[in-house]
Amino acid sequence: MPAMISLTDNAVDRINALMGKRDEPAAGLRIGVRTAGCSGLSYTLEYADAPEEFDEVVEEKGVKVFIDPKATMFIVGTEMDFVEEKLQSGFVFVNPGIRHVRDNFSL
């Protein structure tokens, strides 16, 4: 079975930066999914103070990511990256089973 999620160094650096900006300490980031109109699903990110019941907990390269159980089937095998370009930046989720998704997250 593939890893639940893998994080690139850029994603880890960005998560650490986000954690450092928050006024209160957070245990990690929670990844979820939501319905996004006709296009299907989009990923969501939010600070997590603690894991919720049934969250999948992934600790990689010193950061913790909590995966909402409703998102598990859409996350397995995904690589989470952070990309900065001239006009935009954001987390990118690359999953061989799902089309390329890019979302900008302002936490």
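The values are calculated or read from the model by the stated rules, or taken from the named source; none is laboratory data. Worth saying up front: this structure is predicted, and the values here are computed from it rather than measured. Backbone-built Cβ (ideal geometry, glycine too); neighbour counts: all protein chains shown. Ligands, DNA and RNA are stripped out before the accessible areas are found, and what is left, the full protein with its side chains, is counted by its heavy atoms. Shrake-Rupley method; radii C 1.70, N 1.55, O 1.52, S 1.80 Å.
Listed values, structure above:
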item: Given 15 as the ceiling on other Cβ atoms within 10 Å, longest exposed-site-free region of the chain for GluC sites (Glu not before Pro) in DSSP loops; result: 1-51
item: Relative contact order of the chain, pairs being alpha-carbon contacts under 8 Å that are 6 or more residues apart, as %; result: 29 percent
item: Largest to smallest accessible area among Ser42, Ser89 [probe 1.4 Å]; result: Ser89, Ser42
item: 222 nm mean residue ellipticity, helices alone, for the chain (DSSP H n ≥ 4; -39,500 (n - 2.57); rounded to 500); result: -4500 deg cm²/dmol
item: Most mobile of Gly97, Gly28, Gly77 in a GNM of the chain (Cα contacts under 10 Å); result: Gly97
item: Sparsely packed chymotrypsin sites (Phe, Trp or Tyr not before Pro) within region 1-59, loop by DSSP, other Cβ within 10 Å at most 11; result: Phe54
item: Loop trypsin sites (Lys or Arg not before Pro), region 18-49 (other Cβ atoms within 10 Å of the site Cβ: 16 or fewer; DSSP); result: Arg22
